[in-house]
Structures are given as structure tokens and as C-alpha cells.
Amino acid sequence: MTEACVLCERLGLDRSAGGWIVRTQLWAVCPHPALQAPGWFCLTPTRHVESFAGLTNAEAAELGARLRELDSALRAVTDAEYSHAYSLGANVRHLHILLGVAQPGGGKAARGAALLKRVLDKDATLVDVALTDSTRIMTQRILSAATQNRDQ
Ligand SMILES: [Zn+2]
């Protein structure tokens, strides 16, 4: 890390202060850091790396499992049929993948490209603190159980 990195800074904090709901040696998951939209999470490597190409073999190998677990947990918690994911890297240069689900009852504006535009624009109408919190708690339970089962 050559200059201040907000994700490295957060990763240096303890689990509760950093908002991390699951953290392995290589990857960590927190709620979407910029928008309290229900069912949106951020998956990031625990060390500073700026691109997929910069991942170690171990990080790359574990990425698929982490994405699969997060997608499965999200779909179980929200009853979503599918999830959306993106990784831009333009502003925060620490690799991170944002993964989330369509918003219930919102029609075409609540899924697909229209939803991604609203998420990127930090559309305040997507914010639902109570639902975001309950989704986070339920997702954390599933991911923690999966992590414990995997580590045994
Ligand atoms: Zn970083």
C-alpha cells in the first residue's frame, strides 16, 4: 500500500469496529460500505491487492468458494433467484467485489442494470436500515456456520 487505503484501514480494525461479518485469513465480508441497501455486501482480500491479476494462487483459489458461500447465503436470506456482482476499482484501489440482490417489490428499477446504476449513484431510496441490519445478521449466521464447518 503506497498511500492511505480505506479498506486496509478498515481491515486493521477489530471485527466489530470494521463491520466485518466474516473474515478468513485471505478474504473478508462486510455490508456494502457506502449504501445501507438490504442484501448488499462487499468481499475483499485481507491484504492490499489492486486487481484480480494481483491475487496469489491461494487468494484466487479461495475467491470462488467465498463468492459461492455469499451468494448462497444471500439467496437463502432474501429468497432472491439470483444476485448481481460488480468490481470497479476506480476510486478505492483495493480489490473488492460488491454482491447484492434485487430489491423486493421494485419492478425493473429494482434489478439488473437499473438497480446497479441506483447502487452506484447511492440512491437514498434504496436505504432501509432495519432490513439491511436483519439481512446482515442472518447472512452472518449462515456464513459463520459455513466457515466453521469448512475449518473443521
Ligand atoms: Zn488496501
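Read-outs throughout are calculated quantities, based only on the coordinates presented, and are distinct from any laboratory measurement. All of these numbers come straight from a predicted model, not from anything done at the bench. For neighbour counting, all protein chains shown are included, and Cβ atoms are generated from backbone atoms with ideal geometry for every residue, glycine included.
Estimated from the Cβ-Cβ distance and a Förster radius of 25 angstrom, the FRET efficiency linking A4 and A34 is about 0.90. Note that the chain carries a Kirkwood radius of 15.8 Å, evaluated over its alpha carbons pair by pair. GNM on the chain, alpha-carbon springs under 10 angstrom: the most fluctuating residue among V29, V119, V127 is V127. A simple count of charges around V127, restricted to other residues whose Cβ falls under 14 Å of its Cβ and scoring Lys, Arg +1 and Asp, Glu -1, yields -1. Put simply, the amide H of S83, placed in the peptide plane, has no neighbours under 5 Å, leaving out anything fewer than 5 places away on its chain. The Cys residues in the chain with no partner Cys Cβ within less than 4.7 Å of their Cβ are C30, C42. For A28, nonlocal amide neighbours, meaning residues 5 or more places apart or on other chains whose placed amide H falls under 5 Å from its own, are T44, T46.
Extension gain for E50 to T24 (0.36 nm times residue separation, less C-alpha to C-alpha distance): 7.5 nm.
If only the Cβ of Lys and Arg carry +1 and only the Cβ of Asp and Glu carry -1, the dipole of the chain around its Cα centre is close to 140 debye.
The phi-based Karplus calculation (6.51 cos²θ - 1.76 cosθ + 1.60; θ = phi - 60°) puts the 3J(HN,Hα) values of the stretch 46-53 at 7, 10, 6, 9, 9, 7, 4, 5 Hz, whole numbers, x for Gly and Pro. Database remark: amide H of K122 closer than 5 angstrom to no amide H (H placed geometrically; neighbours at sequence offset of 5 or more, or on other chains; Pro and chain starts carry no H).
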